[in-house]
Amino acid sequence: MKMRSTYLLCFALALAACNRVEHLGRPPQLTDLQDTAEFEAMVNPPLDIPVDSGRPEASASLWAGEQSSLVHDRRASVRGDILTVVIEIDDRAEISNSSGRSRKTSEDLSIPQFGGIPQRLARKLPEGASFDDLAEADASSTYKGSGNISRRDKLTLRVAATVVSTLPNGTLQIEGTQEVRVNYELRELTVSGFVRPADIGRNNEIAYDRIAGARIAYGGRGHISDVQQPRYGQQITDILLPY
């Protein structure tokens, strides 16, 4: 059983190292666009049945509801449409806490009278011993603690997202990805969430703070990111060791 656990651990470490081996000596590969949910939404749009009045002049009308019409709403509204997400995060948080505690106790115990028993036992005690001052204890403790947290996050980005589905209440679910490779480092930006059509601006843009359940991730992978990450063995020892 112990030998099997060792084999399983070695196999898990080997699988974890595959991500590093795949770009050994070469830059990390970009994600295939055909494997994304955005591509699926574009190639499989919702079924749209146009309403034909049967009149010949309907096809030449400037007021048609088609997307190429001059009066068509250019904002994203159905599956496969694209909109721009504006991410401008500038948050700052400062927290300062302090606490103090002081405690002092004193206890005295004596048995001068207890049915004459102390007097009878006092004869057998060593010289100088007495029940008048049987026990005395003093204790004191002092505690003082303080903490300070200061944090600031600033991020300014713009990314195009795709409507991947429309919920029954009309809310749009969007997903967007962006990958930029510079030399041997790949930067990734992903955004997803739920958008109300009314919150999309006239220029087909929406701010990140109007996205419900927003999930924004900005990171990367490549040689620099690999060096900045601790090795798997160090991560395991940090979890297991209690000190």
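The values are calculated or read from the model by the stated rules, or taken from the named source; none is laboratory data. Because the structure is a prediction, the values reported are computed rather than measured. FYI the Cβ positions are ideal-geometry reconstructions off the backbone, even for glycines, and counts take in every protein chain you see. These accessible areas exclude ligands, DNA and RNA; they are computed on the full protein's heavy atoms, side chains included. Shrake-Rupley method; radii C 1.70, N 1.55, O 1.52, S 1.80 Å.
Quick check: net charge around residue 92, other residues with Cβ under 11 Å of its Cβ, Lys/Arg +1 and Asp/Glu -1? With Lys, Arg at +1 and Asp, Glu at -1, the neighbours total -1. Solvent exposure of the range 142-197, expressed per residue, is 65 Å² of accessible area, with all protein chains present and a 1.4 angstrom probe.
Carbon-plus-sulfur accessible fraction, the range 131-243 (probe radius 1.4 Å, protein heavy atoms only): 51%. Computed over neighbours whose Cβ is under 15 Å from that of residue 157, the net charge equals -4, Lys and Arg +1, Asp and Glu -1.
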